[in-house]
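See structure below.
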Amino acid sequence: MEHWKIWDYPVEVDRTATKEWYEQSEGWSCECGDCQNFLALAKKGLLPSAVTEIVLPLGVLPEKPTYVCELSPTDAGHLYQFSYRVAGIMTDDPRPNDTIRFDWGSGCCGHDCYPYGAPNFPEPYFYVMFFAELPWILDEAPCLSD
């Protein structure tokens, strides 16, 4: 494993195991409009560059998140929460239950218990989570909450 620092989080990463899993993964499979919009943004390279600058060197494919959720519409688009699993360990958690704010959104590293979106992911693992306001690019209208 290699020693890395993601924001304030010291981690050890197995890039080979991470890359191999993402290469064989079919990716996030939710068919709702909100998730499809996120996936379209990722496939077109329209995620914030700060996201891709973090995940690509780890062996992660940005178009294959292990979790996606549109949290709410905003004046400029839609607030999304999305994450990627990374094979490895966090050696310290300097910000338990807290995200770090940036001009593009916020992010954190941690552990999740969400069982979907990453079948057969190598253990141990941690996740890199992002919160970002993203535009709507699909032709169809976004999902409306009741």
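Throughout, read-outs are computed from the coordinates displayed, never taken from laboratory work. Here the structure is a predicted model, which is why all the values come from computation and not from measurement. Don't worry about glycine lacking a Cβ; one is built from the backbone with ideal geometry, like all the others, and counts go over all protein chains shown.
Give the longest segment of the chain that steers clear of GluC sites (Glu not before Pro) in DSSP loops with at most 12 neighbouring Cβ atoms within 10 Å, not counting the sites themselves.
Working: sites that count: 26, 31, 140.
After excluding every exposed loop site, the longest remaining stretch is 32-139.
Normalized C-alpha radius of gyration of region 29-83, against 2.2 N^0.38 Å?
Numbers: Rg = 11.1 Å, N = 55, 2.2 N^0.38 = 10.1 Å.
Region 29-83 yields a ratio of 1.10.
Would you mind calculating the gained length between residue 20 and residue 7 on full extension (0.36 nm times residue separation, minus the Cα-Cα distance), in nm to one decimal? Could the numbers behind the result be given before it?
Values: separation 13, 0.36 × 13 = 4.68 nm, distance 2.41 nm.
Fully extending the segment from residue 20 to residue 7 adds 2.3 nm.
Based on DSSP H runs of at least 4 residues, each adding -39500 (n - 2.57), what is the mean residue ellipticity at 222 nm of the chain after dividing by all its residues, to the nearest 500 deg cm²/dmol? Write out the running numbers ahead of the final one.
Working: 3 runs with 28 residues, N = 146.
Value at 222 nm, helices only: -5500 deg cm²/dmol.
Relative contact order for the chain: what percent, with Cα pairs under 8 Å and sequence separation of 6 or more? Working shown, then result.
Numbers: 267 pairs, mean separation 42.2, N = 146.
Answer for the chain is 29 percent.
Measuring from label point to label point, each 7 Å out along Cα→Cβ, what is the residue 79 to residue 49 span in nm?
Placing both labels 7 Å along Cα→Cβ, they lie 2.6 nm apart.
Please go through region 37-127 and write out the chymotrypsin sites (Phe, Trp or Tyr not before Pro) that DSSP classes as loop and that have at most 12 other C-beta atoms within 10 Å. Before the final figure, lay out each step's value.
Numbers: sites: 38, 67, 80, 82, 84, 102, 104, 116, 125, 126, 127; in loops: 104, 116.
Answer by residue number: 116.
Take the Cα coordinates of the chain, assign each an equal point scatterer, and use the Debye formula without solvent to give log10 I(q)/I(0) at q = 0.08, 0.10, 0.16, 0.18 Å⁻¹.
-0.21, -0.32, -0.83, -1.05
Report, by chain and number, residues whose modeled amide H sits under 5 Å from the one on residue 88, excluding near sequence neighbours (fewer than 5 apart, same chain).
14, 125, 126
Given an 8 Å cut-off on Cα distances and at least 6 residues of separation, report the relative contact order of region 44-101 as a percent.
Values: 40 pairs, mean separation 13.8, N = 58.
About 24 percent, as a whole number.
Counting only other residues whose beta carbon sits under 14 Å from that of residue 16, what net charge do I get with K and R as +1, D and E as -1? Don't skip to the end; give the middle numbers.
On the way: positive: 15, 19; negative: 2, 12, 14, 20, 23.
Cβ neighbours under 14 Å give a net charge of -3.
So how far apart, in nm, are the two label points at residue 111 and residue 69 if each is 7 Å from Cα heading toward Cβ?
Once both label points are built, they end up 1.9 nm from each other.
Enumerate the calculated ³J(HN,Hα) couplings along region 87-98 in order (Karplus 6.51 cos²θ - 1.76 cosθ + 1.60, θ = phi - 60°), each rounded to whole Hz, writing x wherever the residue is Gly or Pro.
Whole-Hz 3J(HN,Hα) from phi for region 87-98: 5, x, 9, 8, 8, 7, 10, x, 9, x, 6, 9.
Pairing the Cα long axis of helix 15-24 with the longest principal axis of the chain, what angle in degrees results, from 0 to 90 and rounded to the nearest 10?
So the helix axis and the longest Cα principal axis differ by about 40 degrees.
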